[in-house]
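Novice: The structure that follows is given in the form of structure tokens.
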Amino acid sequence: MYIYGEPDFNTMVIYHELGHVNDWESDMDLNIVEREELLCEVYKRMNSATAFTRQDKYHESFVDGTKEGLYNAAKEYWADICAEYFWNPKFCQNSYPEDFKLVDKFVKKNDPTYNVFSDRGIFDPRTGKIREGIEINDVIEEKLKRKR
């Protein structure tokens, strides 16, 4: 897939789209209660005084006075906070701790041992290179240990 733009922007777009794949409509690992819980928590966060906001006000642009607009804003809000969580977890945790906790909670439903700070994988999306000091065999071995 080719996305026009700078590598950092492309990575953010991919993280944002991954948020959509894991929202209350698309995440097949969530049961109906968890889906409703996620939607309600996203609505709550989106409407709080400490809500995450982007410079371009993307998710806010969907609010048009209709229920559909509010729903679409919530979907975009979720995707935005997922992107921030994966792209810049320290900033997200420090600047938007409630949003960080929300994404972390639902990520850990699928992988309870996941740590966004240490499980960054071997590929560094900021440089486009394999991270220094990481041996691919070590990464594979660590993943296999988790599955046991």
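Novice: Set the bar at 24 Å for Cα to Cα. Now go through 57/109; 67/109; 44/105; 57/108; 67/101 and name every pair that lies beyond it.
Specialist: On the way: 57/109 29 Å; 67/109 28 Å; 44/105 15 Å; 57/108 28 Å; 67/101 26 Å.
Flagged as over cut-off: 57/109; 67/109; 57/108; 67/101.
Novice: Would you mind getting me the FRET efficiency between residue 61 and residue 90? Use the beta-carbon distance for r and R0 = 22 Å, nearest 0.05.
Specialist: 0.20
Novice: Moving on to the next point. Using the Cα centre as the reference, give the magnitude of the dipole from point charges on the C-beta atoms of the stretch 7-115 (Lys, Arg: +1; Asp, Glu: -1; all else neutral), rounded to the nearest 20 debye.
Specialist: 300 debye
Novice: Got a sec to turn the phi values of the stretch 29-39 into Karplus ³J(HN,Hα) couplings, 6.51 cos²θ - 1.76 cosθ + 1.60 with θ = phi - 60°, whole Hz, x for Gly and Pro?
Specialist: 8, 8, 7, 4, 5, 5, 4, 5, 4, 4, 4
Novice: Enumerate by residue number the chymotrypsin sites (Phe, Trp or Tyr not before Pro) in the stretch 34-78 meeting two conditions: DSSP loop (anything except H, G, I, E, B), and at most 16 other Cβ atoms within 10 Å of the site's Cβ.
Specialist: 58
Novice: With the cut-off at 20 Å, report for the stretch 1-82 the share of all Cα pairs above it, as a whole percent.
Specialist: 36 percent
Novice: Still on this structure: Can you work out ³J(HN,Hα) from phi for every residue in the stretch 83-100, in order, using Karplus 6.51 cos²θ - 1.76 cosθ + 1.60 and θ = phi - 60°, giving whole Hz and x for Gly and Pro?
Specialist: 4, 5, 4, 7, 6, 9, x, 5, 4, 4, 5, 6, 8, 9, x, 5, 5, 4
Values quoted throughout were computed directly from the atomic coordinates according to the rules given, and no laboratory measurement underlies them. Just so you know, these numbers come straight off a predicted model, no measurement behind them. Every residue, glycine as well, gets a Cβ built from its backbone with ideal geometry; the counts of neighbours run over all protein chains shown.
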